[in-house]
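Data block below; observations after.
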Amino acid sequence: MNKTSILGLAFLAITAITVMSSCKDKSKPGLEYAPNMYDAIAYNPDQKNPNFADGKTAQVPPSGTNPVGYARFNYPDTREGYDASSVGIVNPLAVTQKNLEEGKQLYVAMCGPCHGTQGKGNGSIVELGKYPAPPSYSTGVSSRGGAMKDLTDGKIYHTIQYGINLMGSYASQLSPEERWQVVMYVRELQKIQ
């Protein structure tokens, strides 16, 4: 027998087995390709799970851990936290043209409607007359005391993180890096007279 005959017989045997196996009981599907694609091995978050003592699949993360992409801010939303952030935090980003440009874009989009494009407290929402003007970065006085032009990186970041008075928190709208870019741009606005 030559190679072609052997391969031909093997092909015929496989074909015959396939045909024979497909003719048997239809209630048994036979071989399944990738059954994990429709029968998941993993538990869904809302399913009961016998692997945990409380029987829940969705577990609280261990204390002291951070989710991926989350930066912990260790200063509380209190006056003491605000004052501590003044000395404990400095902007980790280098002052570059790229960071200043991105900070300006973020500032105009997020802060400009109230604070104005030049930080004078004359944004478009203030001009409508429904909200009081925030203090100017260069000449105003902070509601927590002290001149706005003397605010440190930490105090500005703390205010963006938690908000103050009518200003809400921007922690969910701006990533930590974006907040630092805004801080960098606000520091530039503090210099404008």
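No value in this document is a laboratory result; all are computed from the given coordinates. Remember, it's a predicted structure, so these values are computed and weren't measured experimentally. Cβ atoms come from the backbone with ideal geometry, glycine included; neighbour counts cover every protein chain shown.
The label point for ASN49 and the one for VAL90, both projected 7 Å from the Cα toward the Cβ, are 4.3 nm apart. Rounded to the nearest 0.05, the FRET efficiency derived from the C-beta distance between TYR33 and THR4 at R0 = 35 Å is 0.70. In the set [x] 1.42; [y] 1.03; [z] 0.92, the label that goes with Rg/Rh (Cα atoms, Kirkwood Rh) computed for this structure is [x].
Taking Cα atoms only, the orientation of helix 97-106 departs from the longest principal axis of the chain by about 90 degrees. Measuring nothing but alpha carbons in the range 79-191 and taking Rh as the Kirkwood radius, the Rg to Rh ratio lands at 0.93. Think of the chain as a dipole: +1 on every Lys or Arg Cβ, -1 on every Asp or Glu Cβ, centred on the Cα centre; then among LEU106, LEU31, ALA10, ALA10 lies furthest on the positive end.
Between the beta carbons of THR15 and ILE41, assuming R0 = 25 Å, the FRET efficiency works out to 0.15 to the nearest 0.05. If R0 equals 30 Å, the separation of the Cβ atoms of GLU177 and LEU128 corresponds to a calculated FRET efficiency of about 0.40. Helices in the chain, meaning DSSP H runs of at least 4 residues, each add -39500 (n - 2.57). Divided by all residues, the mean residue ellipticity at 222 nm is -11500 deg cm²/dmol.
Computed from point charges on the beta carbon alone (+1 for Lys and Arg, -1 for Asp and Glu), the dipole magnitude for the range 79-191 about its Cα centre is near 240 Debye.
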